[in-house]
Amino acid sequence: MTTSQAPTPELLALHRRYVQSRCLKLRNRLVEAHLNLVRQQAARFSQASSACYDDLFQQGCFGLLDAVQRYQPQRGYAFSTYAVTLIRGQMQHYLRDRHHLIRSPWRLRQLLSRWDQLQNQRQQAGLPPLDRRGQARSLGCRVERLQMALQMREALNLRSFDAAPDGMAFEPADRRPTPEARLAEAEVEEWIEAHSPDDQFLLRGVMHQGLSQRQLARQLGWPPCRVNRRLQQLRQQAVLRFSATPPSRPRRQSPSSGH
């Protein structure tokens, strides 16, 4: 996981000069100075998907360029924290568009809801936990299908809203992710982008980088209680958005209607 590091005094001075001058030469120098962030993320995404490193690197550079142009050093948070979220988002957009994902994961979310109920029922009854094969048998599905659903949960990673401890960031799985898991990531990314810049910073800091609430508060200049309160609100929104409710379908008009 990429750790947030403050820029060196020289780089910080360059960022401040660029904010004031918007000089293209300064911008290009800053992009070149931070290319290691793109290399790290391109290597991870190329190992976890079928996309090649060079294509991911190119997409990541677009995200880095956007980060350099939008970064505001006076806000006090590390450039790497801000840039990595945009770099990763650009790569995730590329993977989503490249693989033409069309299978909705809401059935997997239903399976996850039933899996949670099964786990709770067995725990309340004092029964020992089942292995994956036993869980799949109880739920009436294939083991592969259950593993696919659990992998999608890793992609959504809603648990990280509760405490946001260090190290609970989403990381690409060692195996290549399923199309459903990629679609789940794309859904989350689109949902994040619909929020304000501060909310995006909170969400990506928690879900992608595993930053603690204390770290988020310090980098945003907020009281910790405000960060906690906002994360709980965002978590409630996420639970509603990514629930197991199937998509609504338009009602058919009866033959007698329409007069």
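The values are calculated or read from the model by the stated rules, or taken from the named source; none is laboratory data. Predicted model only: the values in this text are computed from it and were never measured. Every residue, glycine among them, receives a Cβ derived from its backbone with ideal geometry; neighbour counts consider all protein chains shown. Heavy atoms of the whole protein, side chains included, go into the accessibility calculation; ligands, DNA and RNA do not. Shrake-Rupley method; radii C 1.70, N 1.55, O 1.52, S 1.80 Å.
All conditions in (1) closer than 15 Å to Gln74 by Cβ; (2) more than 30 Å from the chain's Cα centre (by Cα) hold for Val19, with the sole exception of (2).
Say we look at the range 1-11 and pick out the residues that are open to solvent by 40 Å² or more (accessible area, probe 1.4 Å) and part of a helix (DSSP H, G or I); which of these is modelled with the lowest pLDDT? Among those residues, the one meeting the criterion is Pro9. Given the criteria assigned to a helix (DSSP H, G or I) and open to solvent by 30 Å² or more (accessible area, probe 1.4 Å), does Gln92 qualify? It is false that Gln92 is assigned to a helix (DSSP H, G or I) and open to solvent by 30 Å² or more (accessible area, probe 1.4 Å). Here the range 43-87 is the region considered, the condition is being surrounded by 21 or more Cβ atoms within 10 Å (Cβ to Cβ) and farther than 21 Å from Leu11 by Cβ, and the residue that is modelled with the lowest pLDDT is Phe45. Of the residues making up the range 49-66, just one is touching a residue at least 24 places away in the same chain (Cβ under 8 Å) and more than 15 Å from His93 (Cα to Cα), namely Leu65.
One residue is enough: does the range 24-37 have a residue meeting the conditions crowded, with 17+ Cβ neighbours inside 10 Å, closer than 30 Å to Ala149 by Cα, modelled with pLDDT of 90 or more and not hydrophobic (A, V, I, L, M, F, W, C)? No, that holds for no residue.
Each row is one residue, and each column tells you yes or no for (1) within 22 Å of Ser46 (Cβ to Cβ); (2) of a type outside the set (Val, Ile, Thr); (3) at pLDDT 85 or above; (4) open to solvent by 50 Å² or more (accessible area, probe 1.4 Å).
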{"residue": "Asp166", "(1), (2), (3), (4)": "no, yes, no, yes"}
{"residue": "Trp191", "(1), (2), (3), (4)": "no, yes, no, no"}
{"residue": "Leu203", "(1), (2), (3), (4)": "no, yes, yes, no"}
{"residue": "Leu234", "(1), (2), (3), (4)": "no, yes, yes, no"}
{"residue": "Pro255", "(1), (2), (3), (4)": "no, yes, no, yes"}
